[in-house]
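As C-alpha cells, the structure follows; a few thoughts come after it.
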C-alpha cells in the first residue's frame with residue numbers, strides 16, 4: 001500500500017498510463033489493431049523511466065504543480081523531473097516489468113492474436129486501481145520476494161502491541 005492522502009507525480013503517472021492503456025486497448029479491439037502501437041509506446045516509455053529516471057508525463061505533471069515522492073534529491077538542469085535511479089527498488093522494478101510485459105503483449109496482439117490485448121487491458125485496470133487505492137498486485141508479489149519499496153508508509157512493529165502502526 002502506498003500513500004493515497006494526496007496526489008503526487010508517481011501516483012498521477014500511473015493513473016495517466018492506466019487510462020492510456022485502457023483507451024488504446026479498447027481502440028485496438030474495436031477500431032483498428034494498430035492502436036496497439038500506442039501501448040508499445042507506453043511500454044517503451046515505462047522502460048525508459050526505469051532505466052534513466054526521465055519521465056515525460058512526470059515532467060508535464062510537475063509543471064502543473066504536482067510534487068514527486070521518488071524524484072531525485074539533487075536539483076536537475078531546468079528543474080526537470082527524474083525518478084531516483086540509485087538502486088533497483090520495488091517501484092522502479094514495476095516500471096521495468098510493466099513496460100516489458102505490455103510491449104511484448106502488444107506486439108503479440110498485432111502479429112499473433114488480439115487476445116493478448118486482454119493482458120494489456122488487465123494491466124491498465126490494475127494501474128488505475130493502484131492510483132485510486134494504493135494497492136498493487138505486482139508490488140505485493142515483488143515485496144514478498146524481497147524488493148524494498150520507497151513509497152510505503154513507515155510502520156512501527158511493536159511486539160507488545162501485536163500489530164503494526166503507521167508512523168508520521
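Considering only residues that are farther than 11 Å from residue 46 by Cβ and in contact (Cβ under 8 Å) with a residue 60 or more places away in the chain, which ones fall in the range 88-103? Scanning the range 88-103 gives 89, 90, 91. For the range 68-87, a tally of residues being modelled with pLDDT under 85, over 29 Å from residue 146 (Cβ atoms) and in contact with a helix residue (DSSP H, G or I) (Cβ under 8 Å, 6 or more places away or on another chain) returns 1. Just to be sure, is residue 132 over 20 Å from residue 44 (Cα atoms) and surrounded by 15 or more Cβ atoms within 10 Å (Cβ to Cβ)? No; evaluated as a whole, the condition is false for this residue. Kindly indicate which of 164, 132 is touching a helix residue (DSSP H, G or I) at 6+ places or on another chain (Cβ under 8 Å) and either modelled with pLDDT of 55 or more or part of a strand (DSSP E or B) (or both). Answer to the selection: 132.
Considering the range 2-18, the residues that are buried (at least 17 other Cβ atoms within 10 Å of the Cβ) and not in a helix (DSSP H, G or I) include one that is modelled with the lowest pLDDT, namely 2. Take residue 90 and tell me if it is farther than 30 Å from residue 30 by Cα, modelled with pLDDT of 90 or more and in contact with a helix residue (DSSP H, G or I) (Cβ under 6 Å, 6 or more places away or on another chain). No: the conditions fail for residue 90.
The values are calculated or read from the model by the stated rules, or taken from the named source; none is laboratory data. Just so we're clear, the structure is a prediction, and the values are computed from it rather than from any experiment. As a convention, Cβ positions derive from the backbone with ideal geometry for all residues, glycine included, and neighbour counts pool all protein chains shown.
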